[in-house]
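The values are calculated or read from the model by the stated rules, or taken from the named source; none is laboratory data. Please read these numbers as outputs of a predicted model, since none were measured by experiment. In this analysis, Cβ positions are derived from the backbone assuming ideal geometry, glycine residues included, and neighbour counts consider all displayed protein chains.
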Amino acid sequence: MLFDGKLVREDCLKKIKKKYDKIHVGLAVIQVGDDFASTKYIAQKEKLANELGVDFQLIKLEKTTTKKLCELIDELNENEKVHGIIVQLPIPKDLDYEVIRNRIDPNKDIDGVNDVNVLRVFNHHPDALVPCTALGIMKILDYYQIPLEGMDVTIIGRSIHIGKALFSLLLNRNCTVTICHSKTKDLKKHTKKADMVISSVGKADFITQDMISKDAILVDVGFNYKDGHICGDVSSDVKKYKYLTPVPGGVGQMTVYSIYENLLKAYDLTNKKKK
């Protein structure tokens, strides 16, 4: 069975649209450079912002320094009309992303990358802003009522946005979680025994049939191009599985949506902070 990310997205959007109709919310996105993929992704964010009535502000910088970017973030942190801040990745290599991501007010950090939010997610804190891809995956699993408790999950990839965030979220839901990465020995040993495999490697045909059980749930976070077509990490030759998030039409549908679920929460957090 295929998980229908678009179906889940539309159902979730109906619920948050009612909330957005009653409030005025501001989102600031900072883009450094003109990366083509980033520009297209920002356009998707802006389109949904317009649908929801969000005050969307795109700040484009040709180039900058870590110091100047942090000063800009400070201004947005203090701006009461801005409830969410995103620094669009990738950014130039000469900028210090560790410093930049931790400069964002944790209560406006709707990408969930500030260390405060990383710790909040790990500790199952109610104020945690969860990285959007990870949040979207959890929304899909919950929509399809996947019984997570006791499940053996293998995650491939250890990024802050996906692997580490999902590790915390699934552990908090009583899963047994293994994180694998480029240095893992005998990856197949881990994936073969897993009830669910989550892959965010970014390599076409990375997950093959011999790596998984026929009853596995496959969450494909990969976004790759092969022969001119978009595909995920799971090979098209994989036919035996219990559930699969397709690419396109799966996790990607929920990632942009999750920005606006987080923005609602950030709105509440920043207003609570004023009181």
* Structure fact -> Of the residues in the stretch 246-275 that are of a type in the set (A, V, I, L, M, F, W, C) and assigned to a helix (DSSP H, G or I), the one that is nearest to I198 (Cα to Cα) is V251
* Within the bounds of the stretch 103-115, is there any residue that is closer than 25 Å to D35 by Cβ and in a strand (DSSP E or B)? -> yes
* Kindly indicate whether any position in the stretch 116-132 is within 19 Å of G232 (Cβ to Cβ) and in contact (Cβ under 8 Å) with a residue 12 or more places away in the chain. => yes
* Read through the list (1) in the same structural domain as C180 (by TED's automatic domain parsing); (2) in contact (Cβ under 8 Å) with a residue 12 or more places away in the chain; (3) in a loop (DSSP other than H, G, I, E, B); (4) farther than 15 Å from I179 by Cβ, then give the number of the only condition that R158 fails. => (4)
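Just name the residue that is surrounded by the most Cβ atoms within 10 Å (Cβ to Cβ) out of those in the stretch 74-88 that are in contact with a helix residue (DSSP H, G or I) (Cβ under 7 Å, 6 or more places away or on another chain) and free of Cβ contacts under 8 Å to residues at least 60 places away in the same chain.
Out of the qualifying residues, it is I85.
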* To do: Sort through V247, V221 and tell me the only one that's within 17 Å of G136 (Cβ to Cβ), without any contact (Cβ under 8 Å) to a residue 40 or more places away in the chain and surrounded by 15 or more Cβ atoms within 10 Å (Cβ to Cβ).
  => V247
